[in-house]
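The values are calculated or read from the model by the stated rules, or taken from the named source; none is laboratory data. This structure is a prediction, so every number in the text was calculated from the model and none was measured. Quick reminder, even Gly has a Cβ in these numbers, built from the backbone with ideal geometry, and neighbours come from all protein chains shown. Remember, those area values only see protein heavy atoms, side chains included, never the ligands or the DNA or RNA. Shrake-Rupley method; radii C 1.70, N 1.55, O 1.52, S 1.80 Å.
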Amino acid sequence: PISLDYYDFYVSFLYEKRMQMETNGGYQTLAMLLRKKAYLIKFDQIILDLIFTMAGTLDAGKEVVGIHNLSAFGDILCDLDLWHAAELEKSLFEHFYELISGSGAKNSLENIRLLREFSIVEKLLAILKKLDNSSRNSSSTTSTLLKVIHGLLCTRYSGNSLFSTQDPIIAPKILQLL
């Protein structure tokens with residue numbers, strides 16, 4: 001077993017490195033490098049799982065937990081063009097759904113709030129609008145994408161706020177897609 005002194009050192013080291021990444025724009029730099037090398041990470045679920053772990057949305061036991069590293073999540077996982085280029089968007093959408101569905105995440109309402117703050121709804125609606133029926137965009141990817149959009153739009157996360165397809169702000173965006 002690891003002694004408490006080593007564990008404390010390890011935790012403080014990780015915290016320090018995370019703060020350096022946030023201060024220096026390290027997550028944005030990593031996203032840019034991944035975007036440039038997307039052809040190398042095509043279909044590489046291991047890379048995506050590592051990014052999930054770095055963002056704090058997946059623990060070592062492959063269990064969805066929550067969004068703990070907002071900078072990494074926003075700069076890397078919310079860069080949907082990156083994951084589209086790497087052809088991993090279906091896995092990303094499935095992970096988003098696990099974060100918001102409550103089946104795998106303890107803090108699903110908080111995750112919904114955070115995803116909305118990162119403007120994921122608008123980004124997903126733009127992707128849905130661009131989707132065509134090519135072999136690359138399978139119906140299961142589209143189905144997962146629609147489940148995420150539905151979960152984000154139709155879930156109450158505070159006592160006086162309910163987004164639905166009847167919402168005067170959201171409804172026109174959905175109608176444009178039809």
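Scanning segment 60-79 for residues that are modelled with pLDDT of 90 or more and over 26 Å from residue 20 (Cβ atoms) yields a total of 0.
The single condition among (1) within 17 Å of residue 39 (Cα to Cα); (2) part of a helix (DSSP H, G or I); (3) of a type outside the set (A, V, I, L, M, F, W, C) that residue 87 does not satisfy is (2). Beta carbons closer than 8 Å, at least 6 apart along the sequence or on distinct chains, pair a first residue in segment 69-90 that is within 11 Å of residue 48 (Cβ to Cβ) with a second that is open to solvent by 20 Å² or more (accessible area, probe 1.4 Å) and basic (Lys, Arg) for 82/35; 86/42; 87/42; 87/136; 88/42.
Cβ separations smaller than 6 Å between residues 6+ apart or across chains give the following pairs from segment 26-39 residues that are under 10 Å from residue 82 (Cα atoms) to residues that are part of a helix (DSSP H, G or I): 31/75; 31/76; 34/82; 35/82; 38/85.
Can you confirm whether residue 46 is modelled with pLDDT of 75 or more, more than 22 Å from residue 152 (Cα to Cα) and surrounded by fewer than 16 Cβ atoms within 10 Å (Cβ to Cβ)? Yes: the conditions hold for residue 46.
Among the residues examined, residue 97 does not qualify as over 10 Å from the mean Cα position of the chain (by Cα) and of a type in the set (Phe, Trp, Tyr). For segment 90-115, filtering for residues that are open to solvent by 40 Å² or more (accessible area, probe 1.4 Å) and part of a helix (DSSP H, G or I) leaves 8. Scanning segment 49-77 for residues that are in contact with a Leu (Cβ under 8 Å, 6 or more places away or on another chain), open to solvent by less than 10 Å² (accessible area, probe 1.4 Å) and assigned to a loop (DSSP other than H, G, I, E, B) yields a total of 2.
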